[in-house]
1. Can Phe149 be described as open to solvent by 50 Å² or more (accessible area, probe 1.4 Å), touching a residue at least 60 places away in the same chain (Cβ under 8 Å), touching a helix residue (DSSP H, G or I) at 6+ places or on another chain (Cβ under 9 Å) and of a type in the set (Phe, Trp, Tyr)?
2. From the set of residues in the stretch 240-278 that are β-branched (Val, Ile, Thr) and either closer than 21 Å to Arg293 by Cβ or in contact with a Cys (Cβ under 8 Å, 6 or more places away or on another chain) (or both), which is surrounded by the most Cβ atoms within 10 Å (Cβ to Cβ)?
3. Scanning for something at pLDDT 90 or above and loosely packed, with under 11 Cβ neighbours inside 10 Å, does the stretch 33-41 turn up at least one residue?
4. Identify, please: which residue in the stretch 210-239 is on the phi > 0 side of the Ramachandran plot and touching a residue at least 60 places away in the same chain (Cβ under 8 Å) and is, among those, most open to solvent (accessible area, probe 1.4 Å)?
5. Being at pLDDT 95 or above and either more than 17 Å from the chain's Cα centre (by Cα) or hydroxyl-bearing (Ser, Thr, Tyr) (or both): is that true of Ala189 here?
6. Where residues in the stretch 156-182 are over 25 Å from Thr292 (Cα atoms) and surrounded by fewer than 17 Cβ atoms within 10 Å (Cβ to Cβ), which of them is nearest to the chain's Cα centre (by Cα)?
7. Hey, among the residues in the stretch 346-368 that are touching a strand residue (DSSP E or B) at 6+ places or on another chain (Cβ under 6 Å) and part of a strand (DSSP E or B), which one's least open to solvent (accessible area, probe 1.4 Å)?
8. Go through the residues of the stretch 393-407 one by one and say whether even a single one is among the hydrophobic types (A, V, I, L, M, F, W, C), within 22 Å of Lys355 (Cα to Cα) and touching a strand residue (DSSP E or B) at 6+ places or on another chain (Cβ under 7 Å).
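The values are calculated or read from the model by the stated rules, or taken from the named source; none is laboratory data. Note that the structure is a prediction, hence the values are computed from the model and not measured. With ideal geometry, Cβ positions are generated from the backbone for all residues, glycine too; neighbour counts draw on all protein chains shown. Surface accessibility is based on the protein's heavy atoms, side chains included, excluding ligands, DNA and RNA. Shrake-Rupley method; radii C 1.70, N 1.55, O 1.52, S 1.80 Å.
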Amino acid sequence: MKTEELESALGRAELRVLKIQTKLHRWARDEPHRRFDDLFNLVADPAFLLVAWDRVRGNKGARTAGVDGRTAASIQGQGVGEFLDGLRASLKDRSFRPLPVRERMIPKAGGKLRRLGIATIADRVVQASLKLVLEPIWEADFLPCSYGFRPGRRAQDAIAETVMFVTNSYEWVVEGDITACFDEISHSALLERVRVRVGDKRVLALVKAFLKAGILSEDGTLRDSRTGAPQGGILSPLLANVALSVLDEDIARIPGGPSSTTVERAKRKRHGQANYRLIRYADDWLLLVAGTREQAMSMRDQAAVVLAPMGLRLSEEKTKITHIDDGLEFLGWRIQRHRKPGTNRRYIYWYPSRKAVKAITGKVKMLCRRMDTNEPLDALLRQLNPALRGWCTYFRPGMSARTFCYLSSYLWGRVVAWLRRKHRRITWKDLRRRYCDRRWWPSGQQLGMFNPAKVRTTRYRYRGVIGIPSPWPTQG
């Protein structure tokens with residue numbers, strides 16, 4: 001299949017997929033107890049597989065091979081049409097079998113390692129097709145308190161909702177931390193929840209096959225995967241949300257939870273009873289309590305009981321109960337109530353956490369150390385600018401101006417030190433003339449260095465009031 005034919009077919013396929021997804025979402029929304037019995041044909045549909053392929057080849061990991069050694073580029077060289085035809089035929093005749101994921105250990109902050117599972121390109125395409133089919137159905141059931149790995153929802157939405165509630169009397173916070181969430185999810189419990197909505201045994205068998213595919217470790221040892229969903233898999237975030245939604249549903253049902261009316265919450269407050277709100281971004285979550293520390297501790301224990309049937313455990317060390325005056329950290333942000341300078345009033349402030357600042361300064365330091373001084377300044381800026389721009393964009397909707405100024409100063413020092421190593425014998429005057437503008441800000445021949453201090457902070461609009469739009473219109 002030629003490039004022009006592929007792009008034309010892709011446009012038609014995307015329209016067909018969107019139309020079917022909209023129907024699935026509407027049916028699931030209108031019939032909360034409906035089980036979908038004929039989904040496998042959609043997973044193997046040429047349009048779904050083509051859209052799935054397009055998403056897989058567009059991912060950053062498309063250049064990374066699984067256990068079969070094939071990458072997206074190698075498949076494009078051999079022919080995408082033939083690859084998708086063969087994949088569809090193997091799905092239809094039930095001969096498709098997922099291969100084990102290739103395990104890679106990724107360093108985390110604090111010296112620990114995160115286990116990453118790299119599936120083959122063929123497995124990724126089938127997983128992406130499965131996600132295209134299952135996501136619209138489950139999105140009709142997921143509650144508004146969940147934000148991670150959901151279409152149209154952002155981490156900033158979770159932060160905005162947190163700020164809104166802690167400003168309005170929800171002062172005690174349970175900072176939930178689940179131990180190795182993606183590694184310990186119970187397969188049987190997860191599949192039981194999937195069966196609530198999916199009645200097609202072929203789809204259930206396919207989901208189970210991916211969960212049980214096995215792991216090829218870095219030392220070449222093949223081991224069974226008895227629990228968990230491979231972190232890094234296309235389908236894994238959706239399955240994790242299905243598993244963790246038990247917590248959302250439990251908090252929504254309890255008295256004083258999100259389903260309680262304003263009158264009921266006011267009555268509970270008058271009687272010394274607590275009200276609760278849950279905000280979850282994948283396996284990171286906060287349980288906000290308008291009450292006492294003892295009531296927050298009780299809810300922490302209840303959350304542990306709710307998660308236990310899914311095979312999940314709360315970390316005793318990292319699951320903390322904090323007051324908003326002491327501050328909390330969530331999704332890279334520090335949220336804390338401070339006294340406003342010059343007044344006796346106290347307000348909620350949110351800004352990048354020290355851990356987040358340390359992460360970006362560490363990356364700047366690493367890039368400046370790793371870049372060979374024989375390379376031009378433009379080569380260094382091509383690596384620095386995207387990282388800095390992305391970090392500042394994420395933290396822009398907050399009170400981040402001071403942090404941006406600090407980062408700008410740190411960046412200048414690191415880059416100028418690199419230039420000094422590059423030209424050990426020239427004077428400061430020559431260095432400035434060659435690389436800097438009138439304000440001493442470094443610039444290459446083609447690129448200027450991104451300046452975090454010039455990024456204007458904004459206030460993110462809380463979208464919970466107006467509602468976050470669904471990617472699948474439900475009219476008609």
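1. yes
2. Here the residue is Ile251.
3. yes
4. Among them, the one singled out is Gly232.
5. yes
6. The residue in question is Ala180.
7. Per the stated criteria, the residue is Ile348.
8. Scanning the stretch 393-407, I find at least one residue that is among the hydrophobic types (A, V, I, L, M, F, W, C), within 22 Å of Lys355 (Cα to Cα) and touching a strand residue (DSSP E or B) at 6+ places or on another chain (Cβ under 7 Å), so the answer is yes.
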